[in-house]
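A short write-up of the structure that comes next.
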Amino acid sequence: MPRVTYRSHDGAVRDVEVASGRSVMLGATMNGVPGIDADCGGTLSCATCHVYVDGAWLDRLPAVDETESDLLENVASERCANSRLSCQIVVTDALDGIAVDIPERQF
Amino acid sequence: MSGLVIVGGSYAGLNIAASARQNGYSESITMLTDEAYLPYNRPPLSKGFLLGGVERETLPLRGEAFYRDNEIEVIFGARATQIDRAGYVDTVKGRFDFGQLAIATGTRAKLLPLPGADLDGVVTLRSLADAEDIRERLPRAGSVVVVGGGFIGLELAASMVKSGLQVTVVEGLDRVLARVMGQTMSRYIEAEFARQGVHVLCRSGLECIEGRDGRVSAVCTTDGLRHPADLVVLAVGAVPNIELADHLGLASSAGVLVDAHGRTADPRIFSAGDCAFGMNHFAGRSIRLESVQNATDQGKAAGAAIAGREIVNGSVPWFWSDQFAMKLQMVGLAQGAEREVVRGSIESGKFSIFYMRGTRIVAIDSVNSVSDHVLGRKLLAADHSVSDAEVADIDFNLRSLLS
């Protein structure tokens, strides 16, 4: 199973196995990783699952679409070039080892 | 006696527990739920889960690890029957002592006292168990009547017509979503449903539900029509579960009465979510809201108060609904609006209705216009002044109103 590394704002690092086809958001909410609120459950409505994708992995992700981009405009922590909504990052074998930083605030 | 007992295991209950821990609450936390599952995502129940695209394992709002790590004990099947101010809750699973108590009992589907309402095949949707029941019935159903043109009724109607059923929506008022949206939006949505093959009947009351051998067979409406149906969904709104609090004198028919921090008149008892009628900073008055956002934010405020901290819940109410290809997003409260202004193109299916009062925007309903919605969440919380002409002009940058 692919592994995802979640780095929390307080410095804690968690490596979690996430089944292929599930999102980085679900990997966090289902495995007790704090800091990804996911209020809308992954339906691209809320912008509370914001993460910063580790540079090396950013280019391997599908591009940000218009809806995600509009929502990223409303995130509580600063939007950066590597900002993504983790509900839109679907884990695959090709993403085994992806690392994301969790921002300080989601709301 | 010490420790927090939360009656109710959904969005509000979860957020009360999580926020209490985040804000330093160190005593025991026990969540009593009358269901068999950890708190779960409800919006997919009328959509993706019903159609099979959303797997059940992905529904929990938080996995077991969260409850373990935060030392939140969840008692399943523990329907509460009575709260005593001496500091205990009686449930069908026994008595639980509390130091502090949170009532997060939500709502239940409203029923209609009609002949035939108890027939097999007459259902409501509130819980995962309800959704599983409806999902099992779909393959055997041919035609369905959805009673009620609110969000749940329309979402169900959209899902069911997608799965090949003949769908009729019966709405008592003169338009769908009349309670929550303006006329322009209701008409647009009605037209979209008609285009997708859903038969929407407004100004149509329910006369009776007919059955055969104990199973539903048709619905008769007050206009004298008879609509054959092998499935009837009652989606006529929700009733707050206030009985436990009412027994303590902590509720009115409006809901469980709380302040801006979720506190009832009893300093040890709190409430949040769909069942709570409380001071809403944005509205400037006490209201009861049925929404994920409110249950989440009010729950966070109540959890903080339980831990001895006050946080200002200044969030602007927002809602969402997905029906066919329409991404509907609502922000603000349209009550008291004087005018509707359209921004964008209704014909292209990408627009927002701005609800205006004086030179203020009080609410925005959007169809496939996420940028209007997210801007609204910031703008409506801030002082602003804008003309109708500016709102209607897509070349006018609304973001400039923020500075």
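The values are calculated or read from the model by the stated rules, or taken from the named source; none is laboratory data. Values in this document were obtained by computation on a predicted structure and should not be read as measured data. Neighbour counts run over all protein chains shown; Cβ positions are idealised from the backbone, glycine included. Areas reflect the complete protein model, heavy atoms only, side chains present, ligands, DNA and RNA absent. Shrake-Rupley method; radii C 1.70, N 1.55, O 1.52, S 1.80 Å.
Among the residues of the stretch B:130-151, how many are under 17 Å from the mean Cα position of the chain (by Cα), surrounded by fewer than 24 Cβ atoms within 10 Å (Cβ to Cβ) and of a type in the set (A, V, I, L, M, F, W, C)?
Selection size over the stretch B:130-151: 1.
Pairs under 7 Å by beta carbon, first residue modelled with pLDDT under 95 in the stretch A:6-26, partner open to solvent by less than 50 Å² (accessible area, probe 1.4 Å) and not hydroxyl-bearing (Ser, Thr, Tyr), six or more apart or different chains?
Here the result reads A:9/A:35; A:9/A:102; A:9/A:103, each pair linking the stretch A:6-26 to a residue that is open to solvent by less than 50 Å² (accessible area, probe 1.4 Å) and not hydroxyl-bearing (Ser, Thr, Tyr).
Tell me, which residue of the stretch A:62-83 that is open to solvent by less than 20 Å² (accessible area, probe 1.4 Å) and either in contact with a Leu (Cβ under 8 Å, 6 or more places away or on another chain) or under 23 Å from residue B:323 (Cβ atoms) (or both) is farthest from the other protein chains (Cβ to nearest Cβ)?
If we take residues in the stretch A:62-83 being open to solvent by less than 20 Å² (accessible area, probe 1.4 Å) and either in contact with a Leu (Cβ under 8 Å, 6 or more places away or on another chain) or under 23 Å from residue B:323 (Cβ atoms) (or both), then A:83 is farthest from the other protein chains (Cβ to nearest Cβ).
Please name all residue pairs, on different chains or six or more residues apart, with Cβ atoms under 9 Å, provided the first residue is in the stretch B:336-351 and is part of a loop (DSSP other than H, G, I, E, B) and the second residue is among the charged types (D, E, K, R).
Taking only residues 6 or more apart or on different chains, the pairs are B:336/B:357; B:337/B:357; B:338/B:357; B:349/B:192.
Within the stretch B:283-304, identify whether any single residue is in contact (Cβ under 8 Å) with a residue 60 or more places away in the chain and open to solvent by 50 Å² or more (accessible area, probe 1.4 Å), and answer yes or no.
yes
Are there strands (runs of 3 or more DSSP E) fully within the stretch B:51-94 with at least 1 residues that are open to solvent by 90 Å² or more (accessible area, probe 1.4 Å) and at the interface with chain A (Cβ under 9 Å from one of its Cβ atoms)? List them.
Answer list for the stretch B:51-94: none.
More than 13 Å from residue B:292 (Cα to Cα), outside any helix (DSSP H, G or I), modelled with pLDDT of 95 or more and more than 14 Å from chain A (Cβ to nearest Cβ) - does that describe any residue in the stretch B:10-25? Spell out the reasoning first.
Going residue by residue through the stretch B:10-25, those that are more than 13 Å from residue B:292 (Cα to Cα) are B:16-25.
Retained after the next criterion (residues that are outside any helix (DSSP H, G or I)): B:23-25.
Remaining after also requiring modelled with pLDDT of 95 or more: B:23-25.
Within this subset, residues satisfying the condition of being more than 14 Å from chain A (Cβ to nearest Cβ) are B:24-25.
Yes, that holds for at least one residue.
Specify the residue that is farthest from the other protein chains (Cβ to nearest Cβ); the eligible residues are those in the stretch B:316-328 that are farther than 14 Å from residue B:155 by Cα and without any contact (Cβ under 8 Å) to a residue 60 or more places away in the chain.
The residue in question is B:317.
Go through (1) among the aliphatic types (A, V, I, L, M); (2) farther than 18 Å from residue B:384 by Cα; (3) within 14 Å of another protein chain (Cβ to nearest Cβ); (4) open to solvent by less than 10 Å² (accessible area, probe 1.4 Å) for residue B:331 and report which single condition fails.
Failed condition: (2).
Please state which of the following conditions residue B:42 fails to meet, knowing it meets all the rest: (1) touching a residue at least 40 places away in the same chain (Cβ under 8 Å); (2) more than 14 Å from chain A (Cβ to nearest Cβ); (3) closer than 27 Å to residue B:245 by Cα.
Checking residue B:42 against (1) touching a residue at least 40 places away in the same chain (Cβ under 8 Å); (2) more than 14 Å from chain A (Cβ to nearest Cβ); (3) closer than 27 Å to residue B:245 by Cα, the one that fails is (2).
Here are some conditions: (1) surrounded by 15 or more Cβ atoms within 10 Å (Cβ to Cβ); (2) in a helix (DSSP H, G or I); (3) touching a residue at least 24 places away in the same chain (Cβ under 8 Å). Residue B:390 meets all but one. Which one does it not meet?
(3)
Looking at residue B:231 and the list (1) in contact (Cβ under 8 Å) with a residue 12 or more places away in the chain; (2) open to solvent by 20 Å² or more (accessible area, probe 1.4 Å); (3) more than 21 Å from the chain's Cα centre (by Cα), which single condition is not satisfied?
The single condition residue B:231 does not satisfy is (2).
Taking the residues in the stretch A:84-100 that are under 8 Å from the mean Cα position of the chain (by Cα) and of a type outside the set (A, V, I, L, M) as candidates, determine which candidate is most open to solvent (accessible area, probe 1.4 Å).
Among those that are under 8 Å from the mean Cα position of the chain (by Cα) and of a type outside the set (A, V, I, L, M), it is A:88.
Would you pick out the residues in the stretch A:23-33 that are over 10 Å from the mean Cα position of the chain (by Cα) and surrounded by 21 or more Cβ atoms within 10 Å (Cβ to Cβ)?
Of the residues in the stretch A:23-33, the ones over 10 Å from the mean Cα position of the chain (by Cα) are A:29-33.
Scanning the stretch A:23-33 gives A:29, A:30, A:33.
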